[in-house]
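Notes for the one structure printed next.
Nothing in this text is a laboratory measurement; each read-out follows from the coordinates by a stated rule. The structure displayed is predicted, hence computed values, not measured ones. In this analysis, Cβ positions are derived from the backbone assuming ideal geometry, glycine residues included, and neighbour counts consider all displayed protein chains.
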Amino acid sequence: MSVDHTEAPVLQALSDYHREGRLSFTPPGHKQARGADPAVREVLGDAVFLGDVLASGGLDDRLERGRVLERAEKLMADAVHAEHTFFTTCGSSLSVKAAMLAVAGPHERLLIGRDAHKSVVSGLILAGIEPVWVEPRWDAERHIAHPPSAADFERAFAAHPDAKGALITSPTPYGACADLRAVAEVCHRRSRPLIVDEAWGAHLPFHPDLPSWAMDAGADVCVTSIHKMGSGLEQGSVFHLQGDLVPPELLKTRADLLGTTSPSVLVYAGLDGWRRQMMAHGRELMGGALELAERVRSAVEQLEGLHVDGREDYCGAGAADDFDPLPCVIDVTGLGITGYRAADWLREHRSVDAHLTDHRRIGAQLTHADDSATADELLAALKDLVRAAPELRPAPAVDVPPPSELRLEQAMPPRDAFFGPTENVPVTEAAGRVAAEMITPYPPGIPAVLPGERLNEPVLRYLRTGRAAGMNLPDPNDPELGTVRVVARDVRVAST
C-alpha cells in the first residue's frame, strides 16, 4: 500500500484546530496563550502555546476518530522500513524501558552491552530484570568503549541460554557502530529478539554513506531520539518494531505503563514534521552535513594539539564495525588540558557549547542544521582555544583504570540493591562494598557504577579524580562524592 509522505497529520490537525477557531474548556489552562504570564509569552512567543493542545479532545476528538496520531506513526514506520512505530514524548529514556519490559520480566535475564545508557539501568531497576553484561570492546590507548561484537553476544548466549533477548547501543555517542545484522542473526538463531538503543541514529536511514540502521539490519525493536540528530523537539522519541518476536500490542501496553497520559502535541508535531522533511529532502540534507563534517574535520586536524577521532581510530580488528562522522569528537590531549576545561572555556569565552565531554575529548556535534557560518564559528573558537591552552594548564590528572579494573563484579541484581536497606559510607571506605546507586559521568551518561556492583578502589579513584577535574556526576546522593550509598552490611550478597 503506497503512502503519501507529503502529508503531516499532526501538523495538519493543528492547522485545522486554529482555522476552525476551536474554543477549549479543557486543559491546558493557559487557553491558547491567553492566560500565560506576559513575561513568559515574551520569551517563548505565542506559537509555543498555540501548539499546546490536548491530544484527544483537542488535536483529535475524544475517541480519536480522526486517527491523527495513528496515521503519523504509520508514515514514520514506512519511512524507516518498520512494521510498527510508536511516538513518545518522554524521550528515549522511556522508549528503551518499554522495549526492555516487552522482552523480559522480573527475575528474567537480558543480555546487555555494558556501555548502555543510564536509562537502561533504570529499566532494570524498575522491572527487576537481571542483566547479563556483555563487555564492550575497550580501546585501552584512547580510553574509550565500542559496542560489543556478534561473537561477544554469541558467547553470552552460550553461557546464559535462558536469556530472553539482547540489547545493544549503536551508534554510541562517539559515533562508533556495531555490526547489527550479525548481532541480530545471533539472536534470531535462538528465536530471541534484539533491541537496539539507536538514540543517536535518527539520521542514519536517510543517506547511503551513513552506517546502516537497526530496522534494515533486522533488529526487532529500535529506539530512536529524533531530538538528538534530527529536527524534533527535546523529548521527542520513537520506537520501531518488526517481526513476530515482540507482539506490537505488548510493546504498546508496556509503553502505556510508563508513559504520560498528557502527551505534548508540540513534540508529536516535531516528530511528524521531521519525517516529512527527511522523506522530501533527507538525502540532500544529510549529504550536505557529511560534506560539511569532512571540511570541519580536516580543518580541526590542522590545528596544533587537536585530533579528530576518525574511522581509523575506531574501526578495525577488535574495535567498532562502522563509524558515523557527524559527532565530530575532538581529542584535546595534545593541548595538555582536559575535555572538561576545554568545554568550559569555549562556553565562557566564545559562547560555544560542546556536547560530549570527557577527560580528554569534546564533541562538536554536527547535523543537517549546520552550515558554513556555524562551522566557521566553531573553527574560530577552536583556534582561540589552542591559543589559550597554555593558560589552562596544568590539566588536573584523571586516573582512568585499565579495562580489567574498570569492570565491576555484579554482586546483586540492580533492583535489590537499589530498593534494599542502604547506608552512606565515606568514599575512602567504600571499596569492597556493594553500590546501591548509579554513578554516571554525564554526558554521555554511561554509568561507571551500577546498583549491585561491588566497588573497587581504581573505579572510586577514577571518579574522585574525575570530579576534581570537572567531571559531571549528577546521580549520587552526595554530589560532592564524599560519601557513597551502599548496601547495608547485614544484607546478604554474593561473595567475591
Item to check | When the range 164-212 is reduced to its Cα atoms, the Kirkwood hydrodynamic radius in Å | outcome: 11.5
Checklist entry - Among bridges DSSP assigns within the chain, what percent are antiparallel (round to 5)? => result 65
Item to check | Likely footprinting exposure, Val103, Val400, fewest C-beta neighbours within 10 Å first | outcome: Val400, Val103
Item to check | Most to least packed among 48-59, 178-189 [average Cβ atoms within 10 Å] | outcome: 178-189, 48-59
Item to check | Shape category assigned to the range 403-487 from the gyration tensor of Cα positions, a/c cut at 1.5 | outcome: rounded
Next on the checklist: Quick check on my link table: of Lys118/Lys228; Lys31/Lys74; Lys31/Lys228; Lys74/Lys252, which ones sit more than 21 Å apart, alpha carbon to alpha carbon?
Outcome noted: Lys31/Lys74; Lys31/Lys228
Next on the checklist: Among Cys328, Ala13, Ala182, whose Cα projects farthest towards the positive end of the dipole of the chain, with charges put on the beta-carbon of Lys, Arg (+1) and Asp, Glu (-1)?
Outcome noted: Ala13
Item to check | Dipole magnitude (debye, nearest 20) for the chain, charges at Cβ of Lys, Arg, Asp, Glu | outcome: 900
Item to check | Sorted by Cβ density within 10 Å, fewest first, the residues Cys328, Cys222, Cys90, Cys315 | outcome: Cys315, Cys90, Cys328, Cys222
Checklist entry - Counting pairs of alpha carbon atoms under 8 Å apart in space and at least six apart in sequence, what relative contact order in percent does the chain give? => result 14
Next on the checklist: Only four residue types carry charge here, +1 at the Cβ of Lys and Arg and -1 at the Cβ of Asp and Glu. Report the dipole size of the range 1-66 about the Cα centre in Debye, rounded to the nearest 20.
Outcome noted: 260
Item to check | Distribution of pairwise C-alpha distances over the range 255-312, 5 Å bins, in % | outcome: 4, 14, 13, 13, 11, 11, 12, 11, 8, 4, 1
Next on the checklist: Sort Tyr462, Tyr268, Tyr442 by Cβ crowding within 10 Å, fewest neighbours at the top.
Outcome noted: Tyr442, Tyr462, Tyr268
